[in-house]
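To start, the structure under review is shown below, and the notes come after it.
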């Protein structure tokens, strides 16, 4: 527990390193819903869309024109990126090697926007959720079979999930939080010896 954030031990103990050559970015087209969009990200998507639009596929652009920059899931009470015909994220594009990438992130890397991508994508395989009942932010490791190559590569590199996601964790919670998490992980590791 750091502040009001409850962190699953798996975030520290499990190993992970994206292996895009193996999975081809399947997290961009697999699943039933788009990527969760934080409330503060919705106006950002509206602000940057005209800059991002040229990076997107025609199908992605058409989906956004009909469904909007984000959709609302009544069952979960959350916003998410729209999906092209229930499949890939509308913001997904392919690179020259046929690997799925984020069109928003491509615009960011080209210096066209200051927004990298939705935080839920940046934090994956960590899922952040607020538990309103107890007033805590929960950080859980999300296991997904399509990421098995990333788990294997992470084990070979001995890279804990939280270290793989250092930049994203700092983006969400700040550097001081990350330093506390790292210290707690080191203490936990020493206690296990």
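In the chain, the longest principal axis of the Cα atoms and the axis of helix 41-52 are about 50 degrees apart.
Summary of packing: across the peptides 141-148, 177-184, the per-residue average of other C-beta atoms within 10 Å ranks them, highest first, as 177-184, 141-148.
Entry note: the chain has Rg to Rh equal to 0.97, where both radii use alpha-carbon atoms and Rh is the Kirkwood radius.
Centre-to-centre separation between the Cα atoms of the range 79-140 and those of the range 150-168: 18 Å. By the count of other C-beta atoms within 10 Å, a proxy for reagent exposure, 99, 64 are ordered fewest to most as 99, 64.
The protection proxy used here, the mean number of other Cβ atoms lying within 10 Å of each residue, ranks peptides 48-58, 156-166 as follows, highest first: 156-166, 48-58.
For the chain, DSSP calls about 85 percent of its internal beta bridges antiparallel. Just so you know, the Cα atoms of the range 25-124 work out to an Rg and Dmax of 12.3, 37 Å. With the convex hull drawn around the C-alpha atoms of the range 98-182, the volume per residue stands at 138 Å³.
Computed from Cα atoms, the angle from the helix 58-67 axis to the main principal axis of the chain rounds to 90 degrees.
Here, each number is a calculation from the coordinates, and none is a lab measurement. Note that this is a predicted model, so its numbers are computed, not measured. Every residue, glycine among them, receives a Cβ derived from its backbone with ideal geometry; neighbour counts consider all protein chains shown.
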